[in-house]
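One structure is given below, encoded as structure tokens.
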Amino acid sequence: MTFAWQGGEPTLMGLDFFQRAVELQQKYRRPGMRIHNALQTNGTLLDDAWGAFFPRA
């Protein structure tokens, strides 16, 4: 399953929102299900915390 985060600037939701979204994806995924996240951003709000989060998402 792929979640595509786009429209406006999704990073305005904040890193906490996306961390929680990934937690819920893992909690409710079915056995064997692979989950992918795609984020379309202009990059102006990205920082080191976002960079550390991306490999885990």
Next item on the list: Could you please find all residues in segment 28-39 being exposed (fewer than 13 other Cβ atoms within 10 Å of the Cβ) and in contact with a strand residue (DSSP E or B) (Cβ under 8 Å, 6 or more places away or on another chain)?
Entry: His36, Ala38
Note to self: Name the single residue that is farthest from Trp50 (Cα to Cα) among those in segment 14-27 being of a type outside the set (Phe, Trp, Tyr) and surrounded by 13 or more Cβ atoms within 10 Å (Cβ to Cβ).
What the structure shows: Gln25
Next item on the list: Only one of these is outside any loop (DSSP other than H, G, I, E, B), of a type in the set (Phe, Trp, Tyr) and modelled with pLDDT of 95 or more: Phe18, Phe54. Name it.
Entry: Phe18
Next item on the list: Go through (1) among the polar types (S, T, N, Q); (2) in a helix (DSSP H, G or I); (3) at pLDDT below 95 and name the single condition Asn42 misses.
Entry: (2)
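The values are calculated or read from the model by the stated rules, or taken from the named source; none is laboratory data. Not measured: the values here are computed from a predicted model. Note that we place each Cβ from the backbone using ideal geometry, even for glycine, and neighbour counts take in every protein chain shown.
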